[in-house]
Amino acid sequence: PGDGIWHPSDLATNSFGQGIAVSPLQMINAMATVANGGKLMRPQVVEKVIEDGEMRELPPMIIRRVLSERTAAELTEMLAQAVEKETRLARIEGYRIAGKTGTAQIPDPKRGGYDPELPIASFIGFAPVDDPQFVIMVRIDKPRESPWGSTVAAPVFKRLAEELFVLMDIPPDQVRLGGEAK
């Protein structure tokens, strides 16, 4: 407020994300903060580097705590329920997933406003809920089938997560938590 381009209507539209722009890396880092119990980590895309024939690990680095553990746990539960109740196409049998869909409009400076024919559909999530091992963000620009992240991006998330569970050797929740798999 008060910067000259802010309007009272921005308060309402910003509450559901209209007019807010973030990069995919910023979105992933925000979701990872929730998955990490409220700790904001320095983003990195590599785990190790080889320099002069020597391998050097790049350990995770905490920047600061931005959410209390309690708030992060509450958000995680909300995100898990969002998948369980609303985003059926992201669910994976035996695993609890936390995630959120997104549907964005692309600004059209020529027209002023947004182009209804050029949406961005997305889904971002992490798993397993009780011990997060990965965050995946799927962003589909100008989807043809549907503008909704729940319809076009969530199934892609599911396929990637299914592969990661296998590649990372992550057993189903009941096996990891001491029960038997269904």
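Screening the chain for whole DSSP H helices of 15 Å or more along their axis (Cα) with average Kyte-Doolittle hydropathy at least -1.0 returns 24-35, 69-86, 154-167.
So what is the calculated 222 nm ellipticity per residue for the chain, using -39500 (n - 2.57) for each DSSP H run with n of 4 or more, over all residues, to the nearest 500 deg cm²/dmol?
Working: 6 runs with 60 residues, N = 182.
Only helices count here, giving -9500 deg cm²/dmol.
P(r) for region 14-75, from all Cα pairs and a bin width of 5 Å, is 4, 16, 18, 18, 17, 12, 7, 4, 3, 1, 0 %, short bins first.
Which shape class, rounded, prolate or oblate, goes with region 102-182 when its Cα gyration tensor gives a ≥ b ≥ c as root eigenvalues, a/c under 1.5 marks rounded, and past that a/b bigger than b/c marks prolate?
Details: a/c = 3.86, a/b = 3.32, b/c = 1.16.
Taking the square roots of the gyration eigenvalues as a ≥ b ≥ c, region 102-182 is prolate.
Each part gets one Cα centre, and for region 12-46 versus region 94-116 those centres are 14 Å apart.
What the pair-distance distribution of region 29-123 shows, using all Cα-Cα distances binned every 5 Å from zero, is 3, 11, 14, 12, 14, 15, 13, 10, 6, 2, 1 percent.
Dividing the mean sequence gap of close Cα pairs (under 8 Å, 6+ apart) by how many residues the chain holds gives a relative contact order of 16 percent.
Summing Cβ point charges (Lys, Arg +1; Asp, Glu -1) relative to the Cα centre of the chain gives a dipole of roughly 340 debye.
Total lysine pairs in the chain at Cα distances under 21 Å, for residues eight or more apart or on different chains: 9. Calculated over the chain, the projected area of the Cα convex hull averaged across directions stands at 15.0 nm².
Throughout, read-outs are computed from the coordinates displayed, never taken from laboratory work. Being a predicted model, the structure only gives us computed values, none of them experimental. Glycine gets a Cβ as well: all are built from the backbone with ideal geometry, and neighbour counts include every protein chain shown.
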